[in-house]
Amino acid sequence: NGVLLFALESYISWTGDASLLDKHRAKIAKVAGFPLLKVFRHEASGLLANRREFWERHAAHGIRDGMELAYQLFVAMGLESAARLTGRMGEARQSRAWRAASVRIRKAMLGPGRFSFVESGRLIKRREVGGAVQSEIRPLPDSRLPTQAPLFEKGSHFLNPDTSAALAIAWEFVDPAGRVARRTLDGLETLWNQRWTGGGYGRYHVTSEPDSPGPWPFPSLFVARANFEAGNDRKVRRVLEWLDRVPGSRSGAWFEFYGPRPVPPYPQVGIVPWVWAEMLFLFIHHILGVRPSETGFRLRPRLLRGLPSMDASLRLRGGRLELKVRRARRGERPGFIVGGGRLPYRKAGIDLPFPADGQILKVEAILPGEPRGHVPEVRVPVFKGE
């Protein structure tokens, strides 16, 4: 529900088409109100509780009643979108209520206390209703799950680390430059090449995998997006270079998963659009830094190290944005050239009006030159519990 509300606001911000607001006013209210029903509410924390985790594992896999990081994140983001949308519709009271609910969930997620999703300085995946971290799972004896999977091997089956934690960093829900983000991303490095070679991140710790072990493209892009915001460009390039090598890359049709698939016993034929969705987020939202809102858009570009320039032509409301991003030449001052005028460079970006209907807005972003110095090798730390 949170993702649907976020997507609706994104659609309206990019297109300017607000007809869905009036047409589906009652449905929007139901979508926003559903996660706040009492059946999901964990009274002691203010968080949302359930027994199904982000990757669709449930009680049969050993998931216990509790709170999932990704569900708090997306509901909080969705309620904030709902607050802005209903504010546009003149429903100020409802807008305030949903914004307050979003703030409560966010504070409960990241604040102090025994239900916080920050543990030992990093983001964790899941807490039980009593406050304990659910760090391991064990399938139920009568689960009827395929026993060839790593989940049925002897030993511990860890829930952390999990790539869904990267989304809170990618969306800047936590400070990408902060200690929590840095420690979380360090832990996620253990998911690269777990029981395979050639690259790619697994969705989560392979010991808790009820399917075949192997790398997944769109979770790998979760981590790439988070690393971009954290300034870890080498790790971003590593994901993109891996995606350029795997089968499907030449046609732009990536499989959901790469690797042998004895569990369940069918061939790997699933091509999912989620990979492209994550790529578009990386290229447009993060690297090009085009972020529309109700009245205009923020432009906050940053080029990956080793990438000299990017060009884009994007439909934006009734017009088009023609954007060139490049590094400053020697002796050239960074800045933004907009419609013939020049604005000073700001790392936080600049706010611009939408192009008029049928018009083209030309912007050239001249960024500071390539930073000097050696790019360090990727360090792979050992995650506690492995």
To the nearest 10 degrees, the tilt of helix 217-230 (Cα long axis) against the first principal axis of the alpha carbons of the chain is 60
Could the peptides 118-125, 211-218 be put in order, highest first, of the mean number of other beta-carbon atoms found within 10 Å of their residues?
-> 211-218, 118-125
Order the peptides 276-282, 224-230 from the highest to the lowest mean number of other Cβ atoms within 10 Å of their residues.
-> 224-230, 276-282
Over segment 324-368, with neighbouring protein chains present, the accessible area per residue in Å² at probe 1.4 Å is 64
For Arg261, Arg52, give the ranking by accessible area with the largest first, probe 1.4 Å.
-> Arg52, Arg261
Ranked highest first by average number of other Cβ atoms within 10 Å, how do 128-139, 100-111 line up?
-> 100-111, 128-139
Taking protein heavy atoms only, a 1.4 Å probe, and rounding to whole percent, the accessible area of segment 195-258 owed to carbon and sulfur comes out at 49
Please give the per residue accessible area of segment 116-224, computed with a probe of 1.4 Å over protein heavy atoms only, in Å².
-> 35
Taking only the Cα positions of segment 94-242, the convex hull volume per residue in Å³ is 147
Probe 1.4 Å, all protein chains present, accessible-area order of Asp17, Asp244, Asp311, largest first = Asp311, Asp244, Asp17
How many nm is it between the label spots at Ile284 and Leu307, if each spot is 7 Å from the Cα in line with the beta carbon?
-> 1.5
Per-residue ³J(HN,Hα) for segment 270-282, Karplus 6.51 cos²θ - 1.76 cosθ + 1.60, θ = phi - 60°, Hz, x for Gly and Pro | x, 9, 10, x, 4, 4, 5, 4, 5, 5, 5, 4, 4
Would you mind working out the accessible area per residue for segment 249-320, using a 1.4 Å probe, and quoting it in Å²?
-> 51
Length released on extending from Arg138 to Phe152, taking residue separation times 0.36 nm less the Cα-Cα span = 4.2 nm
Which log10 I(q)/I(0) values, to two decimals, does segment 42-126 give at q = 0.15, 0.25 Å⁻¹ under the Debye formula with one point per Cα?
-> -0.60, -1.14
Estimated vicinal HN-Hα couplings, Hz - segment 96-102 in sequence order (Karplus 6.51, -1.76, 1.60; Gly, Pro = x) = 5, 5, 6, 5, 5, 5, 4
Just the number, please: carbon plus sulfur as a percent of the accessible area of segment 1-53, 1.4 Å probe, no ligands or DNA/RNA counted.
-> 62
Rg/Rh (Cα only; Kirkwood hydrodynamic radius) as it applies to the chain | 0.98
For segment 68-148, which whole percent of the accessible surface, found with a 1.4 angstrom probe, sits on carbon and sulfur atoms?
-> 52
Solvent accessible area, Å² - Glu91, 1.4 Å probe, full protein context | 60
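The values are calculated or read from the model by the stated rules, or taken from the named source; none is laboratory data. This one's a predicted model, so the numbers in the text were calculated from it and none came from an experiment. Here Cβ is always computed from backbone atoms with ideal geometry, including for glycine, and neighbour counts include all displayed protein chains. We work out accessible area using only protein heavy atoms, side chains counted, and drop any ligands, DNA or RNA first. Shrake-Rupley method; radii C 1.70, N 1.55, O 1.52, S 1.80 Å.
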